[in-house]
Amino acid sequence: EAGVVQSPRYKIIEKKQPVAFWCNPISGHNTLYWYLQNLGQGPELLIRYENEEAVDDSQLPKDRFSAERLKGVDSTLKIQPAELGDSAVYLCASSFMTGYTGELFFGEGSRLTVL
Amino acid sequence: DAKTTQPNSMESNEEEPVHLPCNHSTISGTDYIHWYRQLPSQGPEYVIHGLTSNVNNRMASLAIAEDRKSSTLILHRATLRDAAVYYCILRGGYNYGQNFVFGPGTRLSVLP
């Protein structure tokens, strides 16, 4: 069974440019998370989806970040415009369903470098 | 979300057991204790989780204190591949929030 798939793995852009990251969760997983991870720190939640609904986006900087999960399956995270401080790894994760207390599955992440 | 406290770093010798501690004094009755680890340049991966009783799987064992205010992840024989950052996380059950809140974790070094 395929795991959580993210693309691109690496992205280098100039500041003020837009960038988008794509995530395909494990088949059948209703809950999808986007995390940001700075060097040497643990992942920080940006947004959580239950199916196509964003149920927690309180940590998403909405002035420049946006996310969507239109059909409740794959998801896109966009930054526009990117700033130097956005350089980080963006992780996508999925889990089975609301109320499930089991494991979270992560993708390999998308590493963003803003010059 | 209840918080956890872990040592910043630990060292172990190869093929010796490793005990990674985690304190979670504000844990609620419905919080599950999860452990994840992150190898270099990879996303975190699930290790083990439990509620009240000790748990064993092919990767590790989880020992949970009787009052549930602390837990210990046990790697029975450390290998060089176990060198990673280990995260202890509390996850609430249904209606108690579904977010996984990660702290800085414990960086485990394994010496040959």
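A few points about this structure:
- Over all pairs of different C-alpha atoms in segment B:19-90, the reciprocal of the mean inverse distance, the Kirkwood hydrodynamic radius, equals 12.5 Å.
- Shape summary: segment A:1-63 maps onto an equivalent ellipsoid whose semi-axes, from the alpha-carbon gyration tensor, are 21, 17, 13 Å in decreasing order.
- Largest-first principal axis extents of the Cα set of the protein assembly as shown (Å): 49, 41, 34
- Averaging 1/r across all pairs of distinct Cα atoms in segment A:16-100 and inverting the result yields a Kirkwood radius of 13.1 Å.
- Percent RCO, i.e. relative contact order, over chain A, from Cα pairs under 8 Å lying at least 6 residues apart: 37
- Under 5 Å, built H, 5+ apart or other chain: amide partners of B:Ser70: B:His24, B:Ala65
- Per residue, the average separation of C-alpha pairs within less than 8 Å and at least 6 apart gives segment A:21-73 a relative contact order of 29 percent.
- Proximal lysines relative to A:Lys15, as straight alpha-carbon distance under 22 Å, when same-chain residues fewer than 8 apart are discounted: A:Lys62, A:Lys78
- Residue-by-residue Karplus 3J(HN,Hα) for segment B:19-27, coefficients 6.51, -1.76, 1.60, Hz, glycine and proline x: 10, 9, x, 8, 9, 9, 5, 9, 4
- Annotation: amide H-H contacts under 5 Å for B:Ile48 (H modelled 1.01 Å from N, sequence separation of 5 or more, or interchain): B:Trp35.
- Cross-link partners of A:Lys11 among aspartates and glutamates (Cα-Cα below 19 Å; sequence separation of 8 or more within a chain): A:Glu83, A:Asp86, A:Glu108
Just so you know, all these numbers are worked out from the coordinates, no wet-lab data involved. From a predicted model like this one, the values you see are computed outputs, not experimental measurements.
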